[in-house]
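Just below is one structure, and these are the notes that go with it.
The values are calculated or read from the model by the stated rules, or taken from the named source; none is laboratory data. If you're wondering where the values come from, they're calculated on a predicted model, not measured in any experiment. All Cβ positions, glycine included, derive from the backbone under ideal geometry; neighbour counts span all protein chains shown.
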């Protein structure tokens, strides 16, 4: 079995069963399918928005030769008055703290415990960034990125991540938008692409068929599937 298949067999279902992640299985499958291509790209692996850390744990096991950045406020959504970008349809506010699986804001201590309990102790290559992304990313020290996964839900936070990290993603590197199924997220992605005059096409994680970002094609509230991605040109 390939390494990526071993990781999938031994770990992904455990993370889902233990409720350490809310990420859907097909999003893990997408990374496993593209592992060989992703791993060839120079740079680190960055996840912004980690909840209990499940997907970051998966990435740290899979990309065991790369630095892993685990970025989160570890306290929930930032107050709207602190957001860099204003958006009148925002639903992700500090008052929204619960899901069916528990609180949104999970402490850094709990996330570190989940890493430890899944075989990842105090490895120097695993870097934790605590705080809202607009405050932590500018001074993070991140230089080159092979894989950037964005799971921050809100409009402003998406733009804040892209402002700081898009240019650091290397050619051929991947950007995964976990929340592409949400209209806040997709509106931010469209705005950023238009602002930067980018010709990227977003790709559906299920069938890997390129779909133009301005032509929604699914029944979610954004018109897109969760976990859509681009490969940077």
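Quick rundown of the values:
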| quantity | calculated |
| --- | --- |
| Conditions (1) in contact with a helix residue (DSSP H, G or I) (Cβ under 7 Å, 6 or more places away or on another chain); (2) crowded, with 19+ Cβ neighbours inside 10 Å; (3) over 20 Å from residue 229 (Cα atoms): number failed by residue 68 | (3) |
| Filter result for the condition that a residue is modelled with pLDDT of 95 or more, at negative phi and touching a helix residue (DSSP H, G or I) at 6+ places or on another chain (Cβ under 8 Å), over 130, 196 | 130 |
| Search result, residues across segment 61-92 that are outside any loop (DSSP other than H, G, I, E, B), closer than 22 Å to residue 105 by Cβ and in contact with a strand residue (DSSP E or B) (Cβ under 9 Å, 6 or more places away or on another chain) | 68, 69, 70, 71, 72 |
| Test result for residue 189, touching a strand residue (DSSP E or B) at 6+ places or on another chain (Cβ under 8 Å), surrounded by 21 or more Cβ atoms within 10 Å (Cβ to Cβ), part of a strand (DSSP E or B) and free of Cβ contacts under 8 Å to residues at least 60 places away in the same chain | no |
| Flag if residue 164 is in contact (Cβ under 8 Å) with a residue 24 or more places away in the chain, exposed (fewer than 15 other Cβ atoms within 10 Å of the Cβ) and not in a strand (DSSP E or B) | no |
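Yes or no, residue by residue, for (1) assigned to a helix (DSSP H, G or I); (2) over 21 Å from residue 166 (Cα atoms); (3) without any contact (Cβ under 8 Å) to a residue 12 or more places away in the chain:
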site: 105; (1), (2), (3): no, yes, no
site: 115; (1), (2), (3): yes, yes, no
site: 119; (1), (2), (3): no, yes, no
site: 124; (1), (2), (3): no, yes, yes
site: 127; (1), (2), (3): no, no, no
